[in-house]
Amino acid sequence: MTKTDILKMLNDADTYVSGQDICDKLELSRTAVWKAIKQLKEEGYEIDAIKNKGYLIKSVPDRITDLEIKSLLADGDIVEDIIYFEETDSSNNQAKIMAEHGRKMPFLVIAEEQTAGKGRRGRKWISPKKSGIYMTLAIKPDIPPQKASMLTIVAAMAVANGLKKACFDGHEGICQIKWPNDIVINKKKAVGILTEMSAEPDMVNYVVVGIGINVNNNDFDESIREMATSISLESKAQVSRRDIIAGFIHEFSRLYKTFEESSDLSGLMDEYNKCLVNINNRVKILGDASQYEAQALGIDKYGRLLVKKDDGEVTAVLSGEVSVRGLYGYA
């Protein structure tokens, strides 16, 4: 953990950190500190070193390794274990394997590249290296299985909030949520979330929440070009993937603690509804047997979308039963 601890000290500081302070706090020798700094430089970190002043990070490489993310964790974050793959089939698959083999949860799996990334309903999630974020949170909530689907809404809120803070200076109305869990910017999809669960009749074994974020993508397959976008296209800048991941962890930790207090979304409904791109808008409810138009009112404490039909009836829509689209496009 030496490199991680040193990197965290440098990340947390806004000025030079003396070598002696590092030695004293981490109980390391000067030689050990020097070797760790040398390794960080070799990995692409630009670190200024001045005699009698210490070390200062000038720039960081576009890396999302376990070392990098662990160095950005804050007090109160519930995710401590980070597992990084340079390449894997699917971060969801790997998270499920680890959970089934007893790895302590919650943990986060991050992949630089996926060869078999997947979205909802069996769709493929294109996962090129160096352009996106492909990560999966594995967690074991102490709730009945029928409540586990609410975690996908908690995750969507965490992603939206993390993106706003990391990429859009905290401005409201930039990153919105298309019910239940797609993140949209300017009414185009930038993030997809796929939640899977293993459970007994009365107990959750684990929930894995897979999150795919288009970060620095500049082009998309023709089949999705009209409805997809990326964070860099919308922010007009190259974006730090590590800051997005760290922001997600911070926000999920905060929101999950509120969720745990009631085992539902009663404490998060108002915050979610402020992010909901559909709210107070006309939407089309697309079921297997029928479809109709209605006005979206927001979610209830179970994460169901409340809609008002033309005859005045208010009904609750379950995400597993229908799709909801705006009348004039994806959102």
- [ ] Rounded to whole Hz and in sequence order, give me ³J(HN,Hα) for segment 286-298 from the Karplus expression 6.51 cos²θ - 1.76 cosθ + 1.60, θ = phi - 60°, writing x for Gly and Pro.
- [x] 10, x, 5, 9, 7, 8, 7, 9, 7, 9, 7, 9, x
- [ ] Please find the FRET efficiency linking Arg282 to Glu172, where r is the Cβ-Cβ separation and R0 is fixed at 30 Å, and quote it to the nearest 0.05.
- [x] 0.85
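How far, in nm, would the chain grow between Asp243 and Ser262 when pulled straight, counting 0.36 nm per residue and subtracting the alpha carbon separation?
On the way: separation 19, 0.36 × 19 = 6.84 nm, distance 2.97 nm.
Taking Asp243 through Ser262 to full extension adds about 3.9 nm, to one decimal.
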Open item on the list: For the chain, what does the relative contact order come out to in percent, with C-alpha contacts under 8 Å and a separation of six or more?
Closed with: 13 percent
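With a 10 Å radius around each residue's Cβ, average the other Cβ atoms per peptide and rank 152-158, 198-204, 13-19, 165-171, highest first. Working shown, then result.
Details: 152-158: 24.4, 198-204: 11.6, 13-19: 13.4, 165-171: 15.4.
Order by mean packing, descending: 152-158, 165-171, 13-19, 198-204.
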Open item on the list: Just checking my list [x] 24, 34, 23, 12, 6, 0; [y] 30, 61, 9, 0; [z] 30, 55, 14, 1 against P(r) over Cα pairs in 20 Å bins from 0, in percent computed from this structure; which label fits?
Closed with: [z]
Task: Dipole in debye (nearest 20) - segment 2-59, about Cα centre, beta carbon charges: Lys, Arg +1; Asp, Glu -1 - done: 220 debye
TODO: Please identify which residues in segment 22-46 have an amide N closer than 11 Å to a label point set 7 Å out from the Cα of Asp5, following the Cα→Cβ vector.
DONE: 22-29, 33
Task: Phi-based couplings in Hz for segment 170-177 (Karplus 6.51, -1.76, 1.60; Gly and Pro marked x) - done: x, 5, 6, x, 8, 9, 10, 10
- [ ] Rounded to whole Hz and in sequence order, give me ³J(HN,Hα) for segment 20-37 from the Karplus expression 6.51 cos²θ - 1.76 cosθ + 1.60, θ = phi - 60°, writing x for Gly and Pro.
- [x] 5, 4, 5, 4, 5, 5, 9, 6, 10, 7, 4, 5, 5, 5, 4, 5, 5, 4
Task: Label point distance in nm, Tyr292-Glu86, each placed 7 Å from Cα along Cα→Cβ - done: 5.6 nm
Task: Summed side-chain charge close to Val314 - residues other than Val314 whose Cβ falls under 13 Å, Lys, Arg +1, Asp, Glu -1 - done: -1
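Each reported figure results from applying straightforward, stated rules to the coordinates on display, with no laboratory input. Please read these numbers as outputs of a predicted model, since none were measured by experiment. Don't worry about glycine lacking a Cβ; one is built from the backbone with ideal geometry, like all the others, and counts go over all protein chains shown.
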